[in-house]
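Data first, discussion second: the structure below is written as structure tokens.
What follows is calculated from the coordinates using simple rules that are stated; it is not laboratory data. Everything quoted here is computed from the prediction, not taken from an experiment. Please note: Cβ atoms are built from the backbone with ideal geometry, for glycine as well, and neighbour counts cover all protein chains shown.
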Amino acid sequence: MAKTNPGAVPGWCVALLTRCVPGRLSRESLLGDLEAEADAIVHRRGPRAARTWLRWEALAIAARYVWARLRQSLHPTPPSPFLTHPRDRFSFMNTLLQDVVYGIRSLRSTPGTTAALLFILVLGIGALVATFSLVEAALLRPLPYPDQKSLVWAATTFEGYPNPVGSAPDWADYRERSNSFSDFGAITPFFLPVTVVTEREPSRVKHAYATWNLFRTLGVEPVLGRWFTEAEGELGATVAMVSHDFWQEQLGGESDVIGESVRVDGEAHSLVGVMPSDFHFLLDVDVWRPMQLGGPFASARRFHNWLMIGRLRDGVSLEQAQSDVDVISRDLQLEYPDSNETKALSLTPLADAIASSVGPQLLLMMATAGLVLAVAGSNVASLLLARGSTRQAELAIRAALGASRGRILRQLTVESLVLGLVAGTGGIVAANWLSGLMLRVIPLSVLGIEHLDMSVTAVLFGIAVTVVISLLFGTAPALRVIPDRPSETLRSGRGTVGAGNRLRSGLVIAQVAVAVVLLVGSALLVRSFVMLRGQNPGFSPGQLLSAEINLSGSQQESLDERRIFFDQLATRLEALPGVEAVALANQLPIRNPGNNISIWDADAPPDSVQKPLAYQRIVRQGYFEAMQIPLVAGRTFGPGSGTQDELQFVLSRTLADMIFPGGGAVGKRVSPDWGDGVVGLVVGVVEDVRVAGLGVGGTDSATFYASYDQRPMGGMNIAIRTRGEPGSIVPELRAIMHELDPTVPLGDIRAMEDLIADSIGQPRLMSLAMGLFSATALVLSLVGLYGILAQAVTQRRREFGLRVALGAERGNIVAIVVRSGMLRVGLGLAVGIPAALASSRMLEGFLFNVAPVDPIAFASVAVLLTAVGLIACLAPAWRALRVDPVISLRAE
Amino acid sequence: MGRQNLLGSFEQMVLLAVRQVGEGAYAPTILERLQATMGRKVSRGAVYVTLDRLQRRGLLTSSSAPAEPGRGGRPRRHVQVTDEGIEQLEEVRAYLDSLWDGLDAVQED
């Protein structure tokens, strides 16, 4: 009967109140009152309302009692650890509560230190948990594809080196001839912006080509519609699949969109499928079209645009599959020596391949955050030790009065756990926010991770870290200060001063050593970043506004119409008072990297494998002048170059040297790999331009330029050299574009300087993050150094007083303090420098034009530490100086 | 002679409500009385905690009324203000009265 009564107090409420409310009558009558009231609510508002009311009321009352007990404990005397009555039901909870309260009070007694420690620990735990949540998402979580372990990444290699993209005909051959894969797909690893016109409005979206079977290979079903079919992989089929976002935003999320027609760059495509919302494979794109052999990016064996992904057949091992494709590679080498002579395929598990692209950075960050946290934790330990030695008398009294070692240890443990709990909670909250920041330092978009929510695993990791930190740096040092023989401590009148001091000294040396390692790391990254930023991009990026203009699908259909459009645009823009010059190119440096093909000396064609690769750029007259790319020899494209019969080329200095090592490129004839044996005349040589951004070194500036007049295109990028701030002419640019043709979209307007900053954004953030971490470690180790010196000065006051009384020079006293401080800094350096030498090799892959054993970085760290170490020594030395011999001796 | 711990205002109100309800006062009736007087919701937990505290300080006594149906067979806890409680209430009142003395006239100006 009682069980079916909806007004009955639930069992857990009874248990909770039993724990919180003292006194049987109080408790029982309270439960009775609640039940009676709940009964009344059942009649007025029904059983459900009554149950809800009961739960909340029980919680609120329990909270009141806990709060009352806390407040009561805060006011009276410190807890008496020896007064425990085993029969008292509340004794354990009470003493625990007292320990907690006492812990809070002793932390509150030094509010500045506690706040600083908390801040440091919160940041340390936060940074570690944040990096962990990235590591977890990127490296520990399985890829979101069914049976993901059988997915392999098939990287094309040249002479054994991963390219890693391969050609479409090669893909088709591997797919057909291999028996190891149940499915074998490919995708372009870059996206191409397209204009998509739906029934709603035109929009500029990211688009990629994928083989018809790619989604089937990955095992991801569309939420709507179907995959591409094999027939749609043939030339001529006009179909598209779209992302969930695109479906929602551009197609209104209607379920009947399948079969609807959308115009992609002016051509009607029929929509066959919508992918799920969490599907991102390598790229965040909105539209996929099927690869068609002979179609875009897939026309020849020498065009390498495809990343291949295979799914191993059941029971086929990676090694078996590798030897299978090796045989095919050898066959292809014999069949197509022109294009495949050195080509092969190398298989790795997909998860490993993706992880290896971000793994090193993630692990580096996590190791760094871990080291900072270790320094922070050891500072906590140092502080607790210092407090411990001053508290020895208190602890001895307690021990003498009968408190067991265990009881005192429990109290000290609770104290450090209180600090840890607050710091851990703060750290996990901070991590949630920091992980967003970390994602900007180490983007995981290749894994389809655009934002991160704290996972349960990461929270558990945070809790574990907190507990370990508390126990390792809180309780372990506490063990050293619990008196073994309290009577001796009491008799001598003060604690055994040496207890814990040696440990603290060791901690300071370790902190300095860790700071050295981190500082060297960040010094290397900062130097590398300075090198990156100091590079000459080859053109003048200041006051340059860039945008993309695509005429596909517009009214300008013929090449002549397009040429007229761009001529008019350039003329009208140049007439503006705010515009100095206008450059038009199919791809602008830094903004649009990629697109390289072979080019060679037309009069002395080399062997197929030795044809130099170069970026090809189609530029309109005035390009070099507007971009301020210096001319080295010959001339650039003048007006009317389109009327000349012979093709004209301008080469970059590097390319000219590659093709014509003897010099004198101007006037020679070159042949780009456009097919049909095209030959053109080199009319000029210009300085190199960093085409792909400042981060990539080597021969990436080999470029040849063709004239737009001779090779017109539909889509061009525009760069406008302005007189004032580049953004200021955007309204006029829009107005002119609108007048010329309102249907032509103006895409992605950016100042060139912003693009350059973006291209080195990641190294910048990386060196910034490392800099912050190492600065934190430096400050922490100095705080530790200062703390131990200050305490030593206090403890040696009597000695200093005596020395001064006996006629010691003040300088000697300062020397004693500074020597003991600098000895520790020196030892820290002695340990830290070799450790930094060993660990800086980890950074090798992140450094640009800086060796991991860069002497400047090492020397500057040593000088910096010595200098700031001296400063940290001076304050305590000053205090030692002011010791008045009379007072300090009388104190004894 | 002044005390170290004067009654707080909520404590005074609870004690007075106990006296107002009179014989058989127990937590729900005290709560009801307080809410009626103050014209707003009063936390049930605060009343229980205060009753316990006042009893610990000897200002209230409590007695158990026999178990009755509708309460899961649980007793009621009837409370009564002790002489000490009455004394302290009057002491506070005297302080307050003397502090208020003459202020009403001033406020009317």
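Beyond 18 Å, the tail of the calculated P(r) for region A:395-445 holds 57 percent of the Cα pairs.
Under the 0.36 nm per residue contour assumption, what length would be gained going from the current alpha-carbon distance of A:Ala604 and A:Leu293 to full extension?
Extra length available between A:Ala604 and A:Leu293 comes to 108.8 nm.
Residue by residue, region A:432-439 carries 3J(HN,Hα) couplings of 4, 7, 5, 5, x, 5, 4, 4 Hz when phi is fed to the Karplus relation 6.51 cos²θ - 1.76 cosθ + 1.60 (θ = phi - 60°); x denotes Gly or Pro.
What do you get for Rg/Rh over region A:160-257 if you use C-alpha atoms and the Kirkwood form of Rh? Dividing the radius of gyration by the Kirkwood radius yields 1.01.
Legend: translational diffusion of region A:686-798 by Stokes-Einstein, Rh = Kirkwood radius over C-alpha pairs, 37 °C, 0.692 mPa s; D = 163 µm²/s.
All C-alpha to C-alpha distances of region A:161-341, sorted into 5 Å bins beginning at zero, yield P(r) values of 1, 8, 16, 20, 19, 14, 9, 6, 4, 2, 0 percent in whole numbers.
For the protein assembly as shown, the normalised intensity computed at q = 0.05, 0.08, 0.09 Å⁻¹ comes to -0.54, -1.01, -1.11 (log10 of I(q)/I(0), Debye sum over alpha carbons, equal scatterers, no solvent). On the principal axes of its alpha carbon atoms, region A:768-892 extends 63, 23, 17 Å, with the longest extent given first. Using the rule -39500 (n - 2.57) for each DSSP H run of four or more residues, divided by the residues of chain A, the 222 nm mean residue ellipticity is -17000 deg cm²/dmol. Taking a straight Cα-Cα cut-off under 20 Å and skipping sequence neighbours fewer than 8 places away in the same chain, the aspartates and glutamates within cross-link reach of A:Lys668 are A:Asp601, A:Asp603, A:Asp607, A:Asp645, A:Glu646, A:Asp657, A:Asp676, A:Glu687, A:Asp688. Near B:Arg71, no amide H atom lies under 5 Å from its own; only residues 5 or more places off or on other chains count, and H is placed 1.01 Å from N. Using R0 = 41 Å, the C-beta based FRET efficiency linking A:Ala115 and A:Ser860 works out to 0.80.
Computed about its Cα centre, the charge dipole of region A:161-341 is approximately 200 debye, with only Lys, Arg, Asp and Glu carrying charge at their Cβ.
Here the Debye sum runs over all C-alpha atoms of region A:746-818 as equal scatterers in vacuum, and log10 of I(q)/I(0) at q = 0.13, 0.24 Å⁻¹ comes out as -0.63, -1.03. Couplings 3J(HN,Hα) of region A:536-543, computed from phi: 8, x, x, 9, 9, x, x, 6 Hz, in residue order, whole Hz [Karplus 6.51 cos²θ - 1.76 cosθ + 1.60, θ = phi - 60°; x for Gly and Pro]. Coupling constants for region A:621-628 follow from the phi torsions by the Karplus curve (6.51 cos²θ - 1.76 cosθ + 1.60, θ = phi - 60°), and in residue order they are 3, x, 4, 5, 5, 5, 7, 6 Hz; glycine and proline get x.
Region A:546-569 and region A:127-167 have Cα centres lying 41 Å from one another. Direction-averaged projected area, Cα convex hull, region A:270-429: 18.8 nm², rounded to one decimal. By the Kirkwood approach, averaging reciprocal distances over each pair of separate Cα atoms, region A:552-743 gets a hydrodynamic radius of 17.5 Å.
Using the Kirkwood formula on the Cα atoms of region B:9-108, what hydrodynamic radius do you get, in angstrom to one decimal?
14.9 Å
Explain nothing, just the number: dipole magnitude of the protein assembly as shown about its Cα centre with +1 on each Lys and Arg Cβ and -1 on each Asp and Glu Cβ, in debye rounded to the nearest 20.
6680 debye
Can you compute the equivalent ellipsoid semi-axes for region A:246-290, i.e. the square root of 5 times each eigenvalue of the Cα gyration tensor, sorted largest first and rounded to whole Å? Whole-Å semi-axes of the equivalent ellipsoid: 17, 14, 9. Relative contact order, whole percent, for region A:11-76 stands at 39, derived from Cα pairs under 8 Å and 6 or more residues apart. Which of A:Gly534, A:Ala859, A:Ser435 sits closest to the plus end of the dipole of the protein assembly as shown, meaning its Cα is farthest towards the positive end, when Lys and Arg get +1 and Asp and Glu get -1 on the C-beta? So the residue furthest toward the plus end is A:Ala859. About its Cα centre, the dipole of chain B is roughly 980 debye, where the only charges are +1 on Lys and Arg Cβ and -1 on Asp and Glu Cβ.
Summarising the label geometry, the points placed 7 Å from Cα in the beta-carbon direction at A:Asn536 and A:Ile597 lie 3.1 nm from one another. Charges on Cβ only, +1 for Lys and Arg, -1 for Asp and Glu, centred on the Cα centroid of the protein assembly as shown; of A:Val327, A:Ile597, A:Met716, which one is farthest towards the dipole's positive end? Value computed over the given set: A:Val327. The distance between label points at A:Arg71 and B:Glu91 comes to 2.0 nm (points 7 Å beyond Cα on the Cα→Cβ vector).
Principal axis extents of the Cα atoms in region A:844-887, from largest to smallest and rounded to whole angstrom, are 62, 15, 9.
Only one residue of A:Ala154, A:Ala777, A:Ala585 has its Cα farthest out toward the positive end of the dipole of chain A, where Lys and Arg carry +1 and Asp and Glu -1 on Cβ, and that residue is A:Ala777. Annotation: amide H of A:Gln587 within the under-5 Å range of A:Ile618, A:Asn717, sequence separation 5 or more or interchain, hydrogens built in the peptide plane. With a simple spin-label model that places each label point 7 Å from the Cα along the Cα-to-Cβ direction, the separation between A:Glu260 and B:Arg19 comes to 7.8 nm. Which number comes out as Rg/Rh for region A:11-76 once both Rg and the Kirkwood Rh are worked out on C-alpha atoms? Using Cα coordinates only, the ratio equals 1.06. For A:Ser182, nonlocal amide neighbours, meaning residues 5 or more places apart or on other chains whose placed amide H falls under 5 Å from its own, are A:Arg311, A:Leu312, A:Arg313.
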